[in-house]
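The structure appears right after this line, and notes come after that.
The values are calculated or read from the model by the stated rules, or taken from the named source; none is laboratory data. Please read all numbers here as calculations on a predicted model, not as lab measurements. Note that we place each Cβ from the backbone using ideal geometry, even for glycine, and neighbour counts take in every protein chain shown. Note: accessible area is taken over every heavy atom of the protein model, side chains too, but ligands, DNA and RNA are not part of it. Shrake-Rupley method; radii C 1.70, N 1.55, O 1.52, S 1.80 Å.
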Amino acid sequence: GLPLRERVRGMFYHAYDNYMQHAFPHDELLPLSCSFIDNFGSYALTLVDSLDMLAVLGNRTEFARAVRLLRKHLSFDKDVHVSVFETNI
């Protein structure tokens, strides 16, 4: 079979690509319905959370694209309740 590194890479991109296709710019993908939910203030948190993994994988092109998308879509000028604990973990 594939080395563990390649299996992890494949799993990450499976989740990441489906989030980008079905849920961005919302917080989370609901995988069974290919829909989305905004549990954390509608900050595109899955994409924010994915930045470190894109860096670890060395995918500079997608990292730069994600940063551009966040610069365009991410705003903290919202009057919403945010779970600081959940956001930080």
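Checking every residue in region 58-71 against the condition of being closer than 14 Å to ASP27 by Cα and either open to solvent by 80 Å² or more (accessible area, probe 1.4 Å) or of a type in the set (Val, Ile, Thr) (or both) gives zero matches. Can you say whether TYR16 is within 13 Å of the chain's Cα centre (by Cα), assigned to a helix (DSSP H, G or I), touching a residue at least 24 places away in the same chain (Cβ under 8 Å) and surrounded by 13 or more Cβ atoms within 10 Å (Cβ to Cβ), as far as the supplied structure shows? So TYR16 passes the test. Scanning region 1-45 for residues that are among the hydroxyl-bearing types (Ser, Thr, Tyr) and modelled with pLDDT under 95, we see that the one that is nearest to LYS72 (Cα to Cα) is TYR43. Taking the listed residues PHE40, PHE63, PHE76, the one that is among the hydrophobic types (A, V, I, L, M, F, W, C) and under 12 Å from the mean Cα position of the chain (by Cα) is PHE63, with no other qualifying.
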